[in-house]
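Here's the structure, in structure tokens; my notes come after.
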Amino acid sequence: MGLPISETTFGRETELEQLLSAYNRSVSGKTEASLIFGHSGTGKSVLAYRLGAIIQSRGGSFISGKFDFL
């Protein structure tokens, strides 16, 4: 089931804007890829969730994944 993910990003507004800019460039025909990485507990999942929600609300598609070291 998992924990609910907040829809609010705290202190990640700059990163969210950068990712949305990449999305906007891709919509206009540019090739873009983005990677969100960092230490545990720094808000990566919330940032990805928020980005996906915005992109989907604009009719776009969003794919995310997670990798944990063994």
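Tabulated data for the structure shown
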item: Tabulated pairs, segment 21-42, first outside any loop (DSSP other than H, G, I, E, B), second of a type in the set (Val, Ile, Thr) and loosely packed, with under 10 Cβ neighbours inside 10 Å, C-beta under 9 angstrom, 6+ apart or interchain; result: Arg25/Thr31
item: Within segment 43-67, considering residues that are assigned to a loop (DSSP other than H, G, I, E, B) and open to solvent by 100 Å² or more (accessible area, probe 1.4 Å), the one modelled with the lowest pLDDT; result: Phe67
item: Tally of residues being open to solvent by 100 Å² or more (accessible area, probe 1.4 Å) and more than 13 Å from the chain's Cα centre (by Cα) across segment 28-42; result: 4
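The values are calculated or read from the model by the stated rules, or taken from the named source; none is laboratory data. Here the structure is a predicted model, which means the values were calculated and not measured. Positions of Cβ are backbone-derived with ideal geometry, glycine not excepted, and every protein chain shown enters the neighbour counts. Protein only, heavy atoms only, side chains kept; ligands, DNA and RNA dropped before computing areas. Shrake-Rupley method; radii C 1.70, N 1.55, O 1.52, S 1.80 Å.
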